[in-house]
1. Structure shown: which of K88/K211; K104/K157; K121/K188 lie over 22 Å apart, alpha-carbon to alpha-carbon?
2. Could you provide, to the nearest whole Å², the per residue accessible area of segment 55-211 with probe 1.4 Å?
3. Hey, could you pull the Cα Rg and Dmax for segment 57-176, both in Å?
4. With the Cα gyration tensor of segment 60-110 giving a ≥ b ≥ c as the square roots of its eigenvalues, does the rule (a/c under 1.5 for rounded; else a/b larger than b/c for prolate; else oblate) give rounded, prolate or oblate?
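The values are calculated or read from the model by the stated rules, or taken from the named source; none is laboratory data. Keep in mind that what you see is a predicted model, and the values were worked out from it rather than measured. The protein model used for the area step is the full one, side chains on, heavy atoms only, and it has no ligands, DNA or RNA in it. Shrake-Rupley method; radii C 1.70, N 1.55, O 1.52, S 1.80 Å.
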Amino acid sequence: MINKVTKYLWIAFLTLASLCALCLLVLMIRIAFPKVSVTDWDLLAFIGSMIAALVTYMGIRTPILSQRKDQLMTRYSSIIKELTLYSKRTRKVIFMTDFYNSLKEHEVTKEKLQEQAKLIKEYIENVSDLFAEIVNEVDLLTFEDIELRLRALDGFKNHYEAIDMYIQNYDPDSVFALDIKDYLKKAKELELYLDDYRQRLLVKYNEVKNKSVFRLTDPFKNNI
């Protein structure tokens, strides 16, 4: 129902715009060429063909831009929803990383180290699932950024497979303990990147939503 009303409003608008354009063109001709009769059939035919061409152009272009607008809004909203839902499981890596980094050396027990390792493992699994959901929706540059950051976390799998051995021979200054800290930092950076990406998409969504499709230029040429 809303689409039909919108369509009729566009038709009415185009009709009024055409009449206004005709009046303006006639006025300009009268001012520029006072000796030319506005009732001349050749002149009227020329004016009519110009207006018809403009109306036809806008009549074809408007639905195309409207469809493109809907596609962009659908894509943006789909990614935003996925990022928002997954953030409920992944966002804790931010404040947990800050918490673990605030611990004093004597407070970093092997139990705490094991908790950190488990947190990183769960985070990688959740973000990998998220990436699989949005991989066909994100632009190429974003895909490369996320892929590169996930690849930087990929080496953690080898550490986790041997975690029992590391825990049994626990040493707060060991390479394993330092690596855990580094992987936590990378996980936090990835989560902050995803949150920033979600915010940027939300801005783009609102920009596209508020753009008019009744334009001679392409209003969505900078949207990817």
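1. Correct reply: K88/K211; K104/K157.
2. 59
3. In Å, with Rg to one decimal and Dmax whole: 21.0, 75.
4. prolate
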